[in-house]
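To start, the structure under review is shown below, and the notes come after it.
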Amino acid sequence: SEVRLSGITITENIGDLIGAIYVKNGRLEIEASKLLKNNAKKGAGLLISNGEVIIKENCEISENIASGNGGGLCIEGGTVAIENAGISGNSASFGGNIFFDDGRLTLNNVTLSEGHSVGGYGGGLFVNYSEDESEAQIEFLAVTFSQNSAGYGGAVFTKRALTIQNATFEENEATEQG
């Protein structure tokens with residue numbers, strides 16, 4: 001199935017597993033929308049499991065809280081493209097703003113800011129280990145990591161080889177390493 005959301009705000013939802021939106025084996029396009037102050041176990045703003053998601057045109061994913069992985073987004077598989085968006089002020093045990101497990105992630109003109117990892121790993125972005133690294137890919141095109149914090153990897157924590165180009169790092173903090 002395919003869903004397109006434009007100009008909406010989803011805010012202050014609380015769920016055992018899912019906060020605002022869950023995509024499983026479907027296609028979602030979001031533009032000029034806000035996912036704010038949602039609370040869930042993982043992916044409080046957006047949980048993606050083997051779907052195709054396009055987030056574009058001034059979307060804001062902010063102040064979401066996950067007790068597990070990915071305060072803003074939890075990507076467990078699929079293809080995710082984020083363009084001209086702000087992901088900020090989210091918190092989770094792993095990957096305050098984004099938790100990436102598997103699939104393909106493209107960030108183009110995206111700011112990841114003020115993300116916090118309560119568990120200590122990856123305030124801005126947490127990249128998990130993958131059994132099949134050829135399938136899991138991340139592409140950075142004009143990305144800013146700003147004022148993220150964690151014990152390890154204030155901006156980015158990764159469990160696999162990762163090439164970061166076209167990125168700016170400003171005032172990120174790791175209390176232990178990175």
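The values are calculated or read from the model by the stated rules, or taken from the named source; none is laboratory data. The model shown is predicted, which means the values in this text are computed figures rather than measured ones. Note: ideal-geometry Cβ built from the backbone for every residue, glycine included; neighbour counts use all protein chains shown. Remember, those area values only see protein heavy atoms, side chains included, never the ligands or the DNA or RNA. Shrake-Rupley method; radii C 1.70, N 1.55, O 1.52, S 1.80 Å.
Worth a mention:
- Listed by chain and number, the lysines placed with their C-alpha closer than 17 angstrom to that of LYS24 are LYS41, LYS42; residues fewer than eight positions away on the same chain are left out.
- Region 92-178: C-alpha gyration tensor shape, a/c 1.5 cut-off, then a/b vs b/c: oblate
- Magnitude of the charge dipole for region 75-139, about its Cα centre and with charges confined to Cβ atoms of Lys, Arg (+1) and Asp, Glu (-1), is about 340 debye.
- Looking at region 99-153, the GluC sites (Glu not before Pro) that sit in a DSSP loop and have at most 16 other Cβ atoms within 10 Å of their own Cβ are GLU131, GLU133, GLU135.
- A 1.4 Å probe run over the chain, with the rest of the protein chains in place, finds 45 Å² accessible per residue.
- For the chain, the convex hull drawn through the C-alpha positions has a volume of 90 cubic angstrom per residue.
- Exposed loop positions in the chain were taken to be trypsin sites (Lys or Arg not before Pro) whose DSSP state is not H, G, I, E or B and which have at most 14 other beta-carbon atoms within 10 angstrom. Between these positions, the longest stretch is 1-158.
- With every protein chain in place, the chain: carbon and sulfur % of accessible area (1.4 Å): 42 percent
- Relative to the current alpha-carbon distance between LYS24 and TYR129, full extension at 0.36 nm per residue lengthens the span by 35.7 nm.
- FRET efficiency, 1/(1 + (r/R0)^6) with R0 22 Å, evaluated for SER67 and GLU173 via beta carbons: 0.50
- Region 83-131: C-alpha gyration tensor shape, a/c 1.5 cut-off, then a/b vs b/c: oblate
- Of SER88, SER130, SER62, the one that fluctuates the most in a GNM where the chain has Cα springs shorter than 10 Å: SER130
- The relative contact order of the chain, computed from alpha carbon pairs under 8 Å that lie at least 6 residues apart in sequence, is 14 percent.
- The GluC sites (Glu not before Pro) of region 8-99 include none that meets both conditions, a loop assignment by DSSP and at most 10 other Cβ atoms within 10 Å of the site Cβ.
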